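Beneath this line is the structure, given in C-alpha cells, with notes to follow.
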Amino acid sequence: SYSDILIEREVLMQKYIHLVQIVETEKVAANQLRHQLEDQDTEIERLKSEIVALNKTKEKMRPYQGSQEDEDPDIKKIKKVQSFMRGWLCRRKWKTIVQDYICSPHAESMRKRNQIVFNMVEAESEYVHQLYVLVNCFLRPLRMAASSKKPPISHDDVSSIFLNSETIMFLHEIFHQGLKARIANWPTLILADLFDILLPMLNIYQEFVRNHQYSLQVLANCKQNRDFDKLLKQYEANPACEGRMLETFLTYPMFQIPRYIITLHELLAHTPHEHIERKSLEFAKSKLEELSRVMHDEVSDTENIRKNLAIERTIVEGCDILLDTSQTFIRQGSLIQVPSVERGKLSKVRLGSLSLKKEGERQCFLFTKHFLICTRSSGGKLHLLKTGGVLSLIECTLVEETEAS
C-alpha cells in the first residue's frame, strides 16, 4: 500500500543520512591525518638539517684527526705520557680498593668461612674412606664368610653388627660428590641445598645409633668363637685399616651428626645475616640438633634399660623393680656396714644379719627410686639382703651429721 511505501522511504532516508554523516566524519579524519603527515615530514627535514650542521661543527672542532701524520710529535709525546699517568692512577686506585677490602672484617670472615668449607670437604673425604674400609674390608668379606660351608658367623649376626653401614656409605658418597662439585665452582659456594638432600635421609642414623651398643655386644659374643676371632684379626691386619680395630670403625658414624652441627655453627658465625644461605643453614642446623637430641635420648634410654637388665641378671634372686623402664641407674660401689655402738653396748643391726664383732662389705646400687644392698658370695654372685635389701628412696629421710665426732 502507499503507506507502507512511505514507511520504507523514511527508513531508507534515515540510512542515507547516517551514511552521509559517516562519510563526512571520515573526510575530516583523513584531512587531520594528512596534516599530521605534512607536519612530520617538515620535522624530519628540520632534524636532518640539524644533524648536518652538527657534523660540520664536529669536523671544525677536530681539525687534526683527519690526518694523524700532520700531528705535532710533541703533542704525541704529551698524549702518551698522559695515557701512562691515567693508567698508573687507575691501577693505584684499584690496588688501594683491593687492599682495603682484603684488610676489612668482611673479607676476613669470608676467608674463615671458606676455610671451614675446605676443612669440611677434607673431613667428609676422610669419613667416606673410613666407611669404605668398614664395608669393603669387614662387612662384605664377613657376608661371604657367613655363606661358606663352615660359617664362623651367621648372617643375622652380620646384619646386627653392620646395620645400615652400607646405606650410610652410599649416602655420604653422594654428599661428598656434591661438595666437590660445589668447590669446583669456587668462589661461589652454595651448600644449603646439599643439606636439604641429606636431612630426609638421616633417619637411617637413628637406627644405627640405636643399634650401636647392641652391635658391639654381638661382636663381643662372636669373638668368643676362635674361628671368627682369627678371621677378624686377618681382616684387621689389612694395610687399609692402619692398625685400627673393627670397633673403631663402627664408632665413627656415632660422631658424624655432632660434627655437622659444629661445622654449621662455625659457618653461621661467619655468614652475614643478609646472606642468601643463612636461613637454609639455620634450618639445617636446627634439624640436626633436634635429631641429635632424639638420638641421645634414645641411646640413654636403651643404655639404661640394658644396664638395669645386666644388674638384674647378676642378682641370684632377681629384682622386679629393675624391670621398670623409668628406673634410672645412677652409680654402684661397695660400702662397709659396721655394727653401731650405743652407750658401750652393741645395738641391733638394722640392715640384715651381721656378725656384731666384725665389719661387713656390701655391694650397693643406687637408682632414682630405690637403693639395693647386696652381699657377694664366694662364687662372685650377688644376693639381696633378706631384710632391707631393697630400700624405697621415696620413704627415706636424709640426715646430715654436722658434728665433727
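A few remarks follow.
- Whole-number D in µm² s⁻¹ for segment 105-310, Kirkwood Cα-pair radius fed into Stokes-Einstein, 10 °C, 1.306 mPa s: 84 µm²/s
- Estimated purely from DSSP H runs of n ≥ 4, each contributing -39500 (n - 2.57), the mean residue ellipticity at 222 nm for the chain is -21500 deg cm²/dmol once divided by its residues.
- With the simple spin-label model, which puts each label point 7 Å out from Cα in the Cβ direction, the residue 180 to residue 102 separation comes to 3.2 nm.
- Candidates 138, 195, 367, ranked by Gaussian network fluctuation over the chain, Cα under 10 Å, top entry: 367
- Nearest-0.05 FRET efficiency for residue 310 and residue 395, computed from C-beta distance (R0 30 Å): 0.70
- Treating r as the C-beta distance of residue 144 and residue 251 and R0 as 22 Å, the FRET efficiency rounds to 0.35.
- Segment 105-310, dipole about Cα centre (Lys/Arg Cβ +1, Asp/Glu Cβ -1), debye to the nearest 20: 500 debye
- The accessible surface of segment 71-220, taken with every protein chain in place and a 1.4 Å probe, is 60 percent carbon and sulfur.
- Computed lengthening from residue 173 to residue 220, 0.36 nm per intervening residue step minus Cα-Cα distance: 14.0 nm
- When each of 112/285; 60/80; 48/80; 56/79 is checked by Cα-Cα distance, pairs over 29 Å: 48/80
- Here the spin labels are modelled as points 7 Å beyond Cα on the Cα-Cβ line, and at residue 213 and residue 240 they lie 3.2 nm apart.
- Charge tally around residue 321: other residues with Cβ under 15 Å, Lys/Arg +1 each, Asp/Glu -1 each, net -2.
- Sequence-distant lysines (8 or more away, or on other chains) whose Cα lies within less than 16 Å of residue 279: 287
- Residue-normalised accessible area of the chain, given per residue in Å² at a 1.4 Å probe: 70 Å²
- Sites residue 14 and residue 53, calculated FRET efficiency, Cβ-Cβ separation with R0 45 Å, nearest 0.05: 0.15
- Dipole magnitude (debye, nearest 20) for the chain, charges at Cβ of Lys, Arg, Asp, Glu: 2120 debye
- Of all the options 388, 380, 243, the one that moves most in a Gaussian network model of the chain with Cα springs shorter than 10 angstrom is 380.
- The value of relative contact order for the chain, using C-alpha pairs under 8 Å at least six residues apart, is 10 percent.
- A Gaussian network model of the chain, with springs between Cα atoms under 10 Å, assigns the largest mean-square fluctuation among 336, 394, 51 to 51.
- Over 22 Å (Cα to Cα) - which of 233/381; 307/369; 150/233; 150/223; 149/230; 150/230 fall in this group: 233/381
- Additional length obtainable on full extension of the chain from residue 27 to residue 335, 0.36 nm per residue less Cα span: 98.6 nm
- Mean separation of Cα pairs under 8 Å and 6 or more residues apart, divided by the residue count, gives segment 75-225 a relative contact order of 22 percent.
The values are calculated or read from the model by the stated rules, or taken from the named source; none is laboratory data. Just so it is clear, the structure is predicted and the values come from calculations on it, not from any experiment. Please note: Cβ atoms are built from the backbone with ideal geometry, for glycine as well, and neighbour counts cover all protein chains shown. These area figures cover heavy atoms from the full protein model, side chains too; ligands, DNA and RNA do not enter into them. Shrake-Rupley method; radii C 1.70, N 1.55, O 1.52, S 1.80 Å.
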